[in-house]
Amino acid sequence: SHTVLSLIKPSGSLTLGNLLGALLPMGRQQDSARCFYGVADLHALTVPHDPGRLRALTTETATLLLAAGLDRSTLFVQSHVPAHSELAYLLESTAHVGELNRMIQFKEKGHGRPATRASLFTYPTLMAADILLYRPEQVPVGDDQRQHVELTRDLALRFNNAYGAVFAVPEIVTPPVAARVMDLADPTAKMGKSSAEGPGVIRLLDRPDVVRRAVARAVTDSDTGPDAVRPDREAKPGVTNLLEVLVACGGDPAGLTTYGALKAAVTDAVVATLEPLQKRYRDLAADPAHVHDVYADGAATARQVTAPVLAAARAAIGLT
Ligand code: TYM
């Protein structure tokens with residue numbers, strides 16, 4: 001069986017985009033693959049942060065991964081496995097500043113400001129270390145991580161060519177629908193967890209009335225034709241997004257002719273998807289010792305699995 005790996009950054013409360021683009025597809029891999037999933041707390045240090053909020057979000061995210069059904073995986077927190085930071089340095093010594101400079105995320109979040117954290121620049125080398133340490137065949141992520149996974153592949157190949165075959169070259173897997181869930185209030189922008197309380201973001205722990213309001217206010221268009229409810233990413237981004245969310249939540253778009261009917265169907269499908277997750281979250285949050293144990297076991301396994309890969313990389317690159 002093959003190995004898969006994916007992490008989630010605790011930089012805000014998880015959104016419907018994280019669930020549909022990543023968590024649900026990650027969960028489906030558990031039947032056929034050995035899965036390593038976790039919370040990328042080190043990556044949350046790349047932008048201004050509050051330590052107390054980071055602690056709370058790390059616990060919340062860790063609990064949400066379990067609540068979303070990732071209970072047949074090795075689950076861990078990135079910083080509990082020091083090999084990630086250690087391999088990241090070797091990959092900083094493999095990557096070029098030119099290619100890191102081209103990363104969209106660095107350009108968008110750094111805005112060229114001198115006070116940008118240096119770790120935002122080296123972010124992709126840490127992410128490459130996260131992945132390459134586990135020699136996964138596949139990395140299930142949303143579409144926004146494509147550039148990072150491509151750089152990871154380039155670094156794996158460059159390292160292997162220079163020093164010997166240490167790393168597997170992973171493939172990205174993105175879901176057929178909802179690989180890029182858009183903000184309901186601005187369907188030209190990605191639904192992001194770190195955006196401030198926006199009306200177009202649905203969080204996994206939002207109550208049904210909050211979901212209903214967000215969907216009711218979702219931007220559509222002024223098309224009133226008989227076939228107004230149809231996907232067309234260019235011309236109808238809002239409607240297309242709602243249709244993708246509906247399908248990814250197990251709803252059926254057949255027979256929907258008005259935006260009112262579409263929104264009612266989306267609300268029902270999203271609420272039905274979130275309800276069991278929120279129930280499991282409440283149960284898990286009432287038993288923090290259990291969540292702690294799961295992640296302690298997972299980190300122990302991750303340290304064991306990654307040790308030989310780090311050792312091979314160290315030896316190959318010339319460290320004694
Ligand atoms: P992050 O924390 O931003 O997002 C976690 C996962 O959710 C996906 N995602 C989305 N999918 C669809 N629509 C959206 N609007 C949406 N927003 C987010 C992301 O693609 C991702 O799969 N750099 C990564 C975390 C990371 C990682 C890794 C991932 C660190 N190390 C190693 C894979 C492998 C990130 O910030 O994802």
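No value in this document is a laboratory result; all are computed from the given coordinates. Since this is a predicted model, take the numbers as computed values, not measurements. Here the Cβ positions follow ideal geometry from the backbone for every residue, glycine too, while neighbour counts run over all protein chains shown.
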| query | In whole Hz, what ³J(HN,Hα) sequence does segment 125-136 give by Karplus (6.51, -1.76, 1.60; θ = phi - 60°), x for Gly and Pro? | reply | 6, 5, 5, 5, 5, 3, 6, 5, 4, 9, 6, x
| field | For residue 183, residues with placed amide H under 5 Å, excluding near neighbours | value | 189, 190, 191
| said: Using each residue's phi in segment 26-36, evaluate 6.51 cos²θ - 1.76 cosθ + 1.60 at θ = phi - 60° and report the 3J(HN,Hα) Karplus result to the nearest Hz, with x for Gly and Pro. | reply: 4, x, 5, 5, 5, 5, 10, 10, 8, 10, 10
| query | Say the dipole of segment 1-153 comes from +1 at the beta carbon of Lys and Arg and -1 at that of Asp and Glu; which of 103, 42, 70 then lies farthest toward its positive end? | reply | 103
| field | Among 224, 157, 88 - extreme Cα towards positive end, dipole of the chain, charges at beta-carbon | value | 88
| Please state the relative contact order of segment 208-283 as a whole percent: Cα pairs under 8 Å, 6+ residues apart? | 31 percent
| request: Compute the projected area of the convex hull of the Cα atoms of segment 240-280, averaged over all viewing directions, and report it in nm² to one decimal place. | output: 2.7 nm²
| message | Could you tell me how far the Cα centroid of segment 1-52 sits from the Cα centroid of segment 105-127, in Å? | response | 20 Å
